[in-house]
Each structure stands twice: as structure tokens, then as C-alpha cells.
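Notes follow the structure.
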Protein chains: 2
Amino acid sequence: MTDLPSQISTQVYFIRHGIAAERGVYHDDSQRPLVEKGRLKTAKIAQRLMELGLEFNTLLTSPFIRATQTSELLCQTGLAEKYQIFEPLAPGGNLEHWLYWLITWQSVKRPTLALVGHEPDLSNWAQQLVHGDNHHQWVLKKAGIIGLEVPDGQVAIGHSQLFWLAPPRLIL
Amino acid sequence: MTDLPSQISTQVYFIRHGIAAERGVYHDDSQRPLVEKGRLKTAKIAQRLMELGLEFNTLLTSPFIRATQTSELLCQTGLAEKYQIFEPLAPGGNLEHWLYWLITWQSVKRPTLALVGHEPDLSNWAQQLVHGDNHHQWVLKKAGIIGLEVPDGQVAIGHSQLFWLAPPRLIL
């Protein structure tokens with residue numbers, strides 16, 4: 001016997017990658033790494049999230065270097081065991097693709113999930129999940145976080161709840 | 001010569017009152033005061049906001065005791081010089097009434113404003129300002145804060161930006 005969809009709910013943390021090398025310095029944008037300041041700030045954020053008692057059952061990341069390095073730092077702190085490359089989190093990625101993944105993932109009842117990626121995609125996805133539309137009106141800073149309570153993936157669009165939206169300066 | 005409306009923008013902080021006496025203990029709901037835990041947590045939040053460099057040019061508050069006491073604590077820390085009772089911030093209050101007030105206030109170009117009040121009104125107002133509609137999907141805890149960048153009051157609905165939504169545990 002499986003639970004009814006309405007009983008499935010997941011805390012999803014949308015985490016933007018830390019401060020990276022300037023756009024244009026690398027020919028291939030996917031190769032831009034975090035700069036030292038970005039690494040330090042991201043590590044501090046990770047430490048603070050641990051202190052708040054967070055733990056991610058799964059951490060999906062954009063394949064871009066600045067995102068995988070951010071994910072690596074989150075894992076090193078112990079927030080997640082490992083990270084998993086998820087292509088739809090690359091810039092311009094696809095929300096429906098992730099929702100389809102979510103339905104399967106939620107069926108095994110793991111309660112917390114982190115997505116590490118890029119703007120404006122992350123805040124756009126979050127706005128669609130909460131409001132069913134996207135006004136491009138949420139500001140997600142580098143290494144900033146949005147927290148949503150997302151119900152069953154089949155009805156997630158327009159039915160999720162926003163409980164966090166914070167830049168690093170507020171978290172640290 | 002006055003500025004064009006598009007050049008006017010205000011940071012508005014929606015602050016929910018701290019933890020108050022249980023509903024029903026007081027015959028008149030407007031008289032419920034903050035409890036000791038609510039006073040302490042609100043004072044800590046105020047201190048942290050000061051450390052973040054915040055300063056409110058004007059602080060409007062619901063006339064209810066738990067809101068005015070919260071506002072008093074914010075003023076004691078130095079976040080605002082004084083607070084001003086604003087009837088439309090009472091429970092069930094009126095967003096349009098405040099928007100009308102805002103247009104006049106913005107004409108003198110003060111950049112930061114705090115509103116102390118109640119749920120679900122505060123998060124509903126904020127959702128309308130950002131998305132032009134209200135899905136009741138934002139969670140604002142007691143002594144929690146929503147931060148919006150609100151353009152000229154005449155076009156504020158659906159055109160404001162969300163930059164903070166945080167419960168006390170994230171701020172402290």
C-alpha cells in the first residue's frame with residue numbers, strides 16, 4: 001500500500017553556487033571555478049546550515065564546475081553524503097524534467113533535498129512551484145538559499161510553500 | 001521638479017510580532033501581550049538587524065498590544081526613532097489603504113520602512129506586491145521578516161522584488 005500523493009511532502013533547498021571567476025575569463029562558461037572568496041563564504045554557509053540541523057538526503061547539482069565545487073563544499077561539511085550531477089540544473093534547464101524525477105524520489109519518502117545551480121533558473125523554478133507563474137521577482141544571491149515545502153510532484157506547481165529566502169549575509 | 005515614479009524605490013521590511021500570550025486568555029484579542037520568551041527573542045532579532053546595518057526611517061505598527069510591544073523593542077535597539085500606530089495593519093487590514101499612504105511617504109524619498117503586524121495579512125500583502133496575486137503560500141513565523149524592494153506605490157502591486165524571507169532561527 002502506498003501513501004496518497006497528498007501525504008508526500010519534501011523540503012527542497014535551492015542553493016545558488018558561490019562567487020566564481022568572472023564571466024568571459026574562461027572560454028567555456030561551464031568551466032568557471034569558485035574564487036577563493038567564494039570558497040570561503042560557501043564553506044561558512046555550509047557550516048551554519050549544519051549548526052541549524054540541516055541534512056540533505058540527496059543533493060543534485062548542475063554539472064557546471066562552480067556548482068559542483070559548491071556541492072563538494074556542502075558535502076565536505078557533512079550536509080550530504082555525496083552529490084549527484086543532474087543535467088537539467090545546468091543554466092536554462094528544465095523544471096518538468098526535475099518534477100518527473102521528484103515523483104520517483106518522493107515515492108521512497110526521503111524528506112530533504114538540495115538543488116545546487118544557477119540564476120535565474122533556481123528562483124524561477126521556485127516561483128513556479130509556489131505561485132504557478134514566474135514574475136522574475138525573487139532575488140537569490142550567490143551562495144544564497146531558497147527553502148520550499150514541496151508536496152507530491154504531481155501537484156507541486158502552484159502548491160508549494162516558501163519558508164526561506166536568504167542571502168549569505170543574513171545566514172552568516 | 002519631482003522624480004519620475006519609476007525612480008522611487010523603498011526597502012520594506014514586514015515584521016511579524018513576537019510570541020504572545022495564547023489566544024483566548026484575553027477576552028479582547030488586541031490586548032494579548034508578548035510573553036517573556038517573545039520579548040527576549042524579539043530583542044535578539046532587533047540586535048541582529050542592527051548588526052546587519054538596518055535602520056528604518058519610519059516604523060508603522062498594528063495598534064494591537066503584541067505588535068506595539070514588538071515595535072517598542074525594535075525602537076529601543078535603535079532600529080527606528082519611534083513607531084507610529086497605523087490602523088490598516090490591524091488583523092484583516094487593508095493593503096490599498098497602505099499603498100495610498102506609501103505614495104505620499106515615498107515622495108519625500110526615505111529609503112527604508114518597517115511594518116509590524118500580523119499573519120496572514122503581512123505575507124498576503126507581500127505576495128500581492130510581488131506577484132499581483134495571493135496564494136497564501138509564504139510562511140512568516142512570529143518575529144520573522146520579509147524584505148521587499150517596492151517601487152513607486154502606484155505600480156507596486158506585482159512589481160516588487162522579494163529579497164528576504166526568514167524565520168527567527170535563520171536570523172539569529
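The values are calculated or read from the model by the stated rules, or taken from the named source; none is laboratory data. Just so we're clear, the structure is a prediction, and the values are computed from it rather than from any experiment. Backbone-built Cβ (ideal geometry, glycine too); neighbour counts: all protein chains shown. Heads up: the accessible areas ignore ligands, DNA and RNA and are worked out on the full protein's heavy atoms, side chains in. Shrake-Rupley method; radii C 1.70, N 1.55, O 1.52, S 1.80 Å.
Computed on segment A:1-105, with alpha-carbon pairs under 8 angstrom and 6+ residues apart, the relative contact order is 23 percent.
For chain B, the solvent-accessible area works out to 45 Å² per residue, with a probe of 1.4 Å and every protein chain left in place. Summing +1 for each Lys or Arg and -1 for each Asp or Glu among the other residues whose beta-carbon sits under 11 angstrom from that of A:Gly93 gives -3. Measuring only protein heavy atoms, the 1.4 Å probe finds A:Glu36 accessible over about 120 Å². Roughly what % antiparallel, to the nearest 5, for the DSSP beta bridges in the protein assembly as shown? Antiparallel bridges: around 50 percent, rounded to the nearest 5. Only the Cβ atoms of Lys and Arg (+1) and of Asp and Glu (-1) were treated as charged; on that basis the dipole of segment A:86-164 about its Cα centre amounts to roughly 260 debye. Contact order for segment A:57-106, expressed relative to its length and based on alpha carbon pairs under 8 Å spaced 6+ residues apart, stands at 38 percent.
A DSSP coil position with no more than 16 other Cβ atoms inside 10 Å describes the following chymotrypsin sites (Phe, Trp or Tyr not before Pro) in segment A:13-83: A:Tyr26.
Of the beta bridges in chain B, as assigned by DSSP with both residues counted there, near 50 percent are antiparallel. Element breakdown for chain A at a 1.4 angstrom probe: carbon and sulfur atoms account for 51% of the accessible area. Taken about its Cα centre, chain A carries a charge dipole of about 660 debye when Lys and Arg each add +1 at the Cβ and Asp and Glu each add -1 at the Cβ. Can you name the chain A residue with its Cβ nearest the rotation axis from A to B, and give the distance in Å as a whole number? Nearest-to-axis residue on chain A, with distance in whole Å, is A:Leu165, 2. Placing a label point 7 Å from Cα along the Cα-to-Cβ axis, A:Arg169 is separated from the same position in the other copies by 2.6 nm, shortest listed first.
Calculated mean residue ellipticity at 222 nm for chain A: -10000 deg cm²/dmol, from DSSP H runs with n ≥ 4 weighted as -39500 (n - 2.57), summed, divided by the residue count and rounded to 500.
Ranking B:Ser62, A:Ser30 by solvent-accessible area of protein heavy atoms (1.4 Å probe, all protein chains present), from largest to smallest, gives A:Ser30, B:Ser62. Remark: label point of A:Gly92 defined 7 Å out from Cα along the Cα-Cβ vector; separations to the same position in other copies 5.3 nm, ascending. Accessible area of B:Leu95 (1.4 Å probe, protein heavy atoms only, ligands and nucleic acids ignored): about 10 Å². Please report, in debye to the nearest 20, how large the charge dipole of the protein assembly as shown is about its Cα centre when each Lys and Arg carries +1 at its beta carbon and each Asp and Glu carries -1 there. For this selection, approximately 1120 debye. With respect to the cross-link table entries A:Lys109/A:Lys142; A:Lys37/B:Lys142; A:Lys44/B:Lys109; A:Lys37/B:Lys141; A:Lys37/A:Lys82; A:Lys141/B:Lys82, which display a Cα-Cα separation exceeding 27 Å? Table pairs above 27 Å Cα-Cα are A:Lys109/A:Lys142; A:Lys37/B:Lys142; A:Lys44/B:Lys109; A:Lys37/B:Lys141; A:Lys141/B:Lys82. Starting from the Cα gyration tensor of segment A:12-142, take the square roots of the eigenvalues, sort them a ≥ b ≥ c, and report rounded, prolate or oblate (rounded when a/c is under 1.5, otherwise prolate if a/b is larger than b/c, else oblate). Because a/c hits 1.5 or more and a/b fails to exceed b/c, segment A:12-142 counts as oblate. Between B:Val116, B:Gly132, B:Leu95, the Cα set farthest toward the positive side of the dipole of segment B:95-170 (charges on each charged residue's Cβ, about the Cα centre) is that of B:Val116. Distance between the pseudo-spin-label points of B:Ala21 and B:Val155 (7 Å out from Cα toward the beta carbon): 4.8 nm. The modelled label-to-label distance for the pair B:Met50/A:Asp29, using points 7 Å beyond Cα in the direction of Cβ, is 4.5 nm.
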